[in-house]
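Heads up, the thing below is written out as structure tokens.
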Amino acid sequence: MASVALDRIHNLLVNPYVKETRRGGARYPSSSSTTYINQYGEDTVVGTCLRRQWYASQDYEETGEKNAEGTMKALAGNLWSQFLVDRIKEAGFWYGDETSFYNAELNVSGRVDVIVAEEGTRHPVGVEIKTVGTFVSKGVIKPTAAYPLAPKEDHVLQTMIYLYHYRNAIKKWVLLYMDRNTMEMAEHVVRLEEEDGYHYPVISNEMGVKEWKHIRVEDIIRRWQELEIHIKNKTLPERDYELQYANSKIAAMYNTGRLTKTDSKRIQKRVESGEVDDNKPPLLEKGDWQCRFCPFLQECYREEIAPDQISNEQMDATL
Ligand code: SF4
């Protein structure tokens, strides 16, 4: 049976009449990134891939299937954000919303979700609203044994840039999460501290206060400076993420309990018998979701690996 409305709605979602454009040449707080050595001694990148930003800066064509459901989740996030801003106004602690700024020092342009008055002091506090699927809400909204209550690192990077830009006026930024399936919410308050000339975030939530000294404003800025050099010299940055992990990396994940029970079971025999060779076919199809969702995946991996189907769980993980 032919669709009466659905097909045309889906088509409009993936091919909107009016496409949002952003100021060319500038960076965005949401594209902040940094590197650090994780608890397993591995070099780790968090945030937006420099190579992806480089492709965007060079106006490479975005490719890949657009997904109507994913687009709807993102648009629904905007609606919920507006809903929460309206409640903030109603409750009388609204100072402003959708405030745009441009930081010439960093060549960063951004838009703040909402600025509110702190209870008691009436000091301005920034709020970044994130609506997430239940898969992502683990840890950010509801702590579990494996995921203590904490915001996502890339979201913290974004608020650090807001705090850095507004450092003379705003001292706290709230990451307000909402699970769009269950409507549960949680907040994490981020502020910046300085040590030896570096600014790092201090995060407060219901479970206490944590200092994240491994992520620093100055490192985010250094990465953007590296990107500027690549743009100026027209040199392609290294990949920050991997579409397919090497077998040695998968084995390291197995050995440190970072695989699901099902994946661990599938490769247990081969890893424990020492059958781990990076030149052999992958032990598991496993890589970074950042590559799977990257609009420049085909360009980046031209003549290499074809992307698989994207699972709903992975889609949930990004939105
Ligand atoms: S495919 Fe992966 S490595 Fe390549 S640009 Fe995109 S995110 Fe970066």
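Remarks
- Across region 245-284, the fraction of Cα-Cα pairs farther apart than 11 Å, rounded to a whole number, is 58%.
- Sorted fewest first by neighbouring Cβ atoms within 10 angstrom, Leu163, Leu283 come out as Leu163, Leu283.
- Between Pro124, Pro281, Pro151, the GNM of the chain built on Cα springs shorter than 10 angstrom shows Pro281 fluctuating the most.
- Of the GluC sites (Glu not before Pro) found in region 46-78, those in coil by DSSP whose Cβ has at most 12 other Cβ atoms within 10 Å are Glu61, Glu65.
- Were the residues from Glu211 through Ala104 laid out at 0.36 nm apart, the gain over their Cα-Cα distance would be 35.7 nm.
- Rounded if a/c under 1.5, otherwise prolate or oblate - region 68-213, Cα gyration tensor axes: rounded
- Computed over the chain, the per-residue total of -39500 (n - 2.57) for DSSP H runs of n ≥ 4 gives a 222 nm mean residue ellipticity of -10500 deg cm²/dmol, rounded to 500.
- GNM result for the chain, Cα springs below 10 Å: residue of Tyr200, Tyr95, Tyr241 fluctuating most strongly: Tyr95
- Least to most buried among Arg122, Arg239 (fewest other Cβ within 10 Å first): Arg122, Arg239
- Ellipsoid fit via the Cα gyration tensor, region 1-141: semi-axes of 28, 26, 19 Å, each the root of five times an eigenvalue, largest first.
- As a rough footprinting exposure proxy, the listed residues Lys261, Lys249, Lys213, Lys130 were ranked by other beta carbons within 10 Å of their own, and the order from fewest upward is Lys261, Lys213, Lys249, Lys130.
- Cα gyration tensor shape for region 195-287, rounded if a/c is under 1.5, else prolate or oblate: oblate
- Selected from Val174, Val209, Val116 as most flexible by GNM, with the chain as the system and alpha-carbon contacts under 10 Å: Val209
- Over the chain, Cα pairs under 8 Å with separation of 6+ residues give a relative contact order of 18 percent.
- Between Ala91 and Glu218, the simple label model (points 7 Å from Cα in the Cβ direction) yields a spacing of 3.7 nm.
- Extension gain, Thr260 back to Ala26 (0.36 nm per residue minus Cα-Cα distance, nm): 80.3 nm
- Net charge of Cβ neighbours under 13 Å - reference Trp173; Lys, Arg +1; Asp, Glu -1: +1
- Local electrostatic count at Ile161 - Lys and Arg +1, Asp and Glu -1, tallied over other residues with Cβ under 14 Å: 0
- Largest first, the three principal axis extents of the alpha carbons in the chain are 63, 61, 46 Å in whole numbers.
- Once the chain from Met1 to Asn15 is taken as fully extended at 0.36 nm per residue, the excess over their C-alpha distance is 2.7 nm.
- Loop sites in region 80-115: GluC sites (Glu not before Pro), DSSP, at most 11 other Cβ within 10 Å: Glu105
Values quoted throughout were computed directly from the atomic coordinates according to the rules given, and no laboratory measurement underlies them. What you are looking at is a predicted structure, and each value in this text was computed from that prediction instead of being measured. No Cβ is skipped: glycine too gets one built from the backbone with ideal geometry, and neighbour counts run over all protein chains shown.
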